[in-house]
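The values are calculated or read from the model by the stated rules, or taken from the named source; none is laboratory data. Computed from a predicted structure; not experimentally measured. Don't worry about glycine lacking a Cβ; one is built from the backbone with ideal geometry, like all the others, and counts go over all protein chains shown.
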Amino acid sequence: MTPDSPEPATLAAYGWCPDVAGRFEALGEERWVAARVIGEQKGGCEVVGADFHCLAPAGGRLRHDLRSREQMPAVGDWVAVRRDGGGGALIEAVLPRTSRLIRKAAGPGEQGQVVAANVDRVLVVTPMDRQFNPRRLERLLTAAFDSGAEPMLVLSKADLAAPTGDTEAVARTIAGGCPVMVTSVAGGTGLETLAATLVAGRTVVLLGASGAGKSSLLNHLLGEAVQTVRAVSAFGDRGRHTTTRRQMFRLPTGALVIDTPGMRELQLWDTGADADETFPDLAALAAGCQFRNCRHDREPGCVLLAAVTAGTLAIGRLESYRKLQREAAAAARDASSKARRDQRRPRSR
């Protein structure tokens, strides 16, 4: 959908509810109207309101109040905008978020970047073909658990999975108590079951690496080829998508889906989950370690190291657990340090 789309924009169609209305009314600005961010473009954010649909850049008040990149409007945000006489709008405030999928922004510096906001569920999409990567899946699930939304694992390209079934078993072990769905657009597997979980007025975001099959799933759910899909290679893998920006789509059922560009690497940012929700089996075992601050490296009485020695825990899974815990702790320190600097920094007038 583009800002020129003739589709009528209604707040209820994009998830407006009494809770959002209360957050908007708390702003106390009668000149502003509510809208939701459904896309991002170079010139600003694509927003829909009760009777308008346009491109809206950040207004002066919002730019003045911003302390960090993660406070900038993101797809899924509810915002307050000031309309102008020419049919345009300026975003003046971002309403408090109920959830946020966040990562460390690319490049140097200590910045978080919100991938999607106010989502009810994060669909972590990972392929069952030769691109299946357990370590990447652990990282994606850690970010999903930390978002404040409900995570769900969607195994795509089931028609290209190895006949042994090892991929599904490994993925279910990594997912822990997270719901798992096995799908295949080419084979028609699990698609009706997945669609049944997408409820009108509720928002989900697709998260996964490039080539995971997110765009193919979205096109099937929409009933039309909205997102471009291209071949991965000559070895039989299908559907590397070419999504370049974040965009919200309304399904025929009324559910809202945010598609995101594929991520080769997702670096954690201020991750409160501390990887334990992604590794519930390891976290439970670690409770029996001799020392409460055990790093599961060389400490005596470490239950996890004993499990590796006994052959009941793969060393690769333990290494991934330790790595994500270290990265999460470092990200939390960076975010805290940046927050303290921002508080000391005087605001420009």
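Remarks
- Flag if Phe24 is free of Cβ contacts under 8 Å to residues at least 60 places away in the same chain and hydrophobic (A, V, I, L, M, F, W, C): no
- Selection status of Val204, modelled with pLDDT under 90, in contact with a strand residue (DSSP E or B) (Cβ under 7 Å, 6 or more places away or on another chain) and not in a helix (DSSP H, G or I): no
- Meets criteria (within 21 Å of the chain's Cα centre (by Cα) and surrounded by fewer than 22 Cβ atoms within 10 Å (Cβ to Cβ)) for Val122: no
- Taking segment 71-107 as the range and being farther than 20 Å from Val20 by Cβ, of a type outside the set (A, V, I, L, M, F, W, C) and surrounded by fewer than 17 Cβ atoms within 10 Å (Cβ to Cβ) as the test, the residues that pass are Asp84, Gly85, Gly86, Gly87, Gly88, Gly107.
- Qualifying positions in segment 207-259 - at pLDDT 90 or above and of a type in the set (Ser, Thr, Tyr): Ser215, Ser216, Thr253
Residues checked against (1) within 24 Å of the chain's Cα centre (by Cα); (2) surrounded by fewer than 21 Cβ atoms within 10 Å (Cβ to Cβ):
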| site | (1), (2) |
| --- | --- |
| Val20 | yes, yes |
| Arg31 | no, yes |
| Lys42 | yes, yes |
| Glu46 | yes, no |
| Ala58 | yes, yes |
| Arg63 | no, yes |
